[in-house]
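Coordinate-derived values only; no laboratory data. Keep in mind that this is a model prediction, so the values were computed, not measured. Note: ideal-geometry Cβ built from the backbone for every residue, glycine included; neighbour counts use all protein chains shown.
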Amino acid sequence: MPYLKDEAEIDKYIGEIFRRSFVHPDTEARVKKAGLRMRVDYAEPDTVMMVDMQDLTVVVGSDAEDLEWDVALAMQADDGHKFWLGKLNFTVAMTKGKIRTKGPVAELLKLLPMAKYLFAQYQEILAEDGRDDLLAVQR
Amino acid sequence: MTDTPAQPVDLVDPDSFADGIPYGYFDHLRSDDPVHWHPHPDHDGFWAITRAADVEAISRDTTRFSNYEKGVFLEADTVLPLDFIRQSLLLMDPPQHTRLRRTISRRFTPKTVTNLEPRVRQITNEVIDQVIEQGTCDFSADIAVQLPLAMICELMGVPEADRMQVFEWANKISSFDDPSVRADVDDGLIAFEESYIYVIELAEEKLENPGDDLISLLAQPDTGGDEPLSEIEIANFFQLLSVAGNETTRHTTCHGLQALIDHPDQRRQLRDDPSLVPNAVEEILRWGSVVNYFRRTPMEDVELHGTRMKAGDPVALYYVAANRDPEAFPDPDTFNIQRDFKGNQFAFGGGGPHFCLGATLARMQLRVMFETLVERLPDATNAGPITRLRSNWMHGIEAMPIEFTPGAPSAP
């Protein structure tokens with residue numbers, strides 16, 4: 001049983017991290033400076049998420065499939081959930097093939113300094129929705 | 001040194017380097033099989049290039065031989081995934097490499113290095129002060145490892161309060177080389193990511209509030225009209241210096257002291273005439289060549305000495321063999337601090353665009369270190385067996401117990 005049960009939960013929780021990052025004072029400037037169009041292909045549940053840091057939009061689902069991207073990632077949705085809880089290191093996950101990438105990886109590295117702010121936001125989003133079950137993930 | 005050159009040696013197996021470089025086998029390859037096809041367990045094999053002239057020619061030929069294409073190691077994703085380390089200067093080809101290297105060189109000048117010398121001397125003495133009263137220490141951990149990283153922090157303007165953390169990251173990252181010394185491979189990767197983030201943030205801060213350090217300089221436009229480096233490019237340069245510059249200088253320092261211990265007549269000459277130190281440093285660099293090889297990838301078929309290397313074939317440039325080539329260095333197996341160098345030794349690479357960017361800094365650090373060592377630890381000798389790094393690409397010394405006549409600290 002995956003942590004996030006369907007596409008809607010991925011949108012509601014992970015998509016929301018980025019929506020908040022567009023306006024949060026700790027992350028807004030970095031997101032806009034990166035200006036990346038990032039595609040993430042999640043598996044189990046299967047869906048596609050497009051984060052456009054130029055237009056400041058997040059699209060999850062079939063509408064995201066044909067959108068143009070600069071850099072793409074693919075991972076299990078469970079690993080995405082663990083990453084945003086701060087329990088999966090990006091470099092380790094990439095080295096071990098848990099996160100696969102296409103496009104210029106350096107562009108993604110630019111975003112890493114804001115990850116710590118986003119981890120806190122993810123916890124807030126889950127807590128606000130009463131999802132203590134999702135917060136209690138073991139490594 | 002072995003005298004049985006015909007005995008094949010597996011250059012991929014790190015254990016082949018457990019007792020030191022198999023110079024005898026390299027002598028055989030250089031003389032009889034200079035473009036040697038060597039099998040590899042992960043792929044078909046690779047070409048081993050061992051003659052100084054060939055190593056130099058291929059190093060300079062960045063049109064036909066790429067660093068970017070497959071990286072500089074024979075095993076995929078050594079140290080870090082290829083996509084990660086491709087952002088480093090070491091893995092770029094022209095024209096990207098040309099622009100970035102020029103931008104850095106205009107700011108990281110010989111004068112930058114000269115200005116650091118008094119501080120290098122001070123730190124070297126402080127490091128020796130820590131052990132000199134004991135009469136014994138691990139030369140690798142207590143002395144050799146201390147200076148290079150301290151200098152990189154000094155150069156880049158890392159705040160004093162953060163330096164222990166930077167040291168810890170560098171130690172974890174460097175243990176990539178040796179599965180027997182790394183506690184957990186993840187620790188190294190996590191340290192890489194954490195230090196990367198740290199430097200990006202440091203660079204951003206210095207963009208806002210420039211100081212007189214190299215990061216601030218790299219982040220500013222210069223009179224040459226080049227764009228300044230981005231935070232990512234600065235972080236990559238920092239990583240290159242702190243991993244490549246730190247480890248290589250550390251191991252060269254160990255090889256240098258070991259060579260002087262093994263050749264008391266040479267050490268005596270150096271003690272009697274410290275003006276020989278700069279040339280001795282070149283000989284130490286040649287003798288204790290730390291990077292065994294770096295890979296290149298031909299972008300087209302290339303014929304060398306009647307052998308065709310196909311486009312895409314891995315080609316390993318064995319600097320360690322080039323440094324013992326009698327055509328370039330007469331009587332190469334003699335350690336001679338007064339050797340007459342006609343050209344560069346190969347510890348900084350084979351020349352051309354990828355010649356070590358930190359060479360001036362490394363030479364200065366080594367010169368100050370050996371000037372200080374011959375003066376303050378003149379009778380240092382081995383107090384136990386050395387422990388070599390287990391690696392097929394880096395000729396390193398992890399532990400080197402020494403003993404010496406105790407002395408007084410240089411400062412209160």
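The table below lists the values:
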quantity	calculated
If the convex hull is drawn through the Cα atoms of region B:36-87, its volume per residue in Å³	99 Å³
Cα-based convex hull volume of region B:309-352 per residue, rounded to whole Å³	100 Å³
Size of the protein assembly as shown as Cα extents on the principal axes (Å, biggest first)	77, 64, 49
Calculated SAXS-style log₁₀ I(q)/I(0) at q = 0.23, 0.24, 0.30 Å⁻¹ - region B:275-317, Debye, Cα scatterers	-0.76, -0.79, -0.99
Gyration tensor over alpha-carbon atoms, chain A, equivalent ellipsoid semi-axes in Å	20, 17, 16
Computed over chain B: relative contact order in percent, which uses C-alpha pairs under 8 Å that are six or more apart	27 percent
21 Å Cα-Cα threshold exceeded, pairs from A:K12/A:K98; A:K87/B:K206; A:K87/A:K116; A:K33/A:K110; A:K32/A:K110; A:K5/A:K110	A:K12/A:K98; A:K87/B:K206; A:K5/A:K110
Over chain B: helical MRE at 222 nm, DSSP H runs n ≥ 4 each giving -39500 (n - 2.57), nearest 500	-13500 deg cm²/dmol
Prolate/oblate/rounded call for chain B, Cα gyration tensor, a/c under 1.5 rounded	oblate
Note, ³J(HN,Hα) from phi for region B:26-32, Karplus 6.51, -1.76, 1.60, rounded to Hz, x at Gly and Pro	5, 4, 5, 4, 4, 7, 10
Relative exposure of B:W37, B:W47, B:W287, A:W84, judged by other C-beta atoms within 10 Å (fewest first)	B:W37, A:W84, B:W47, B:W287
Two-site label geometry, B:N382 and B:Q130: point separation in nm, points 7 Å out along Cα→Cβ	2.5 nm
Additional length obtainable on full extension of the chain from B:D340 to B:T405, 0.36 nm per residue less Cα span	20.1 nm
Residues A:A8 and A:A120, FRET efficiency given R0 of 22 Å [Cβ-Cβ distance, rounded to 0.05]	0.40
For region B:250-386, average projected area of the Cα convex hull in nm²	9.8 nm²
Cα point-scatterer Debye curve for region B:190-273, base-10 log of I(q)/I(0) at q = 0.14, 0.18, 0.22, 0.26 Å⁻¹	-0.64, -0.78, -1.00, -1.21
Efficiency of FRET between A:R100 and B:S16 - r from beta-carbon atoms, R0 25 angstrom, step 0.05	0.15
For B:H40, B:H395, order by how many other beta-carbon atoms lie within 10 Å, fewest first	B:H40, B:H395
Spin-label pair B:E160/B:Q7, simplified geometry with 7 Å Cα→Cβ offset, distance in nm	5.4 nm
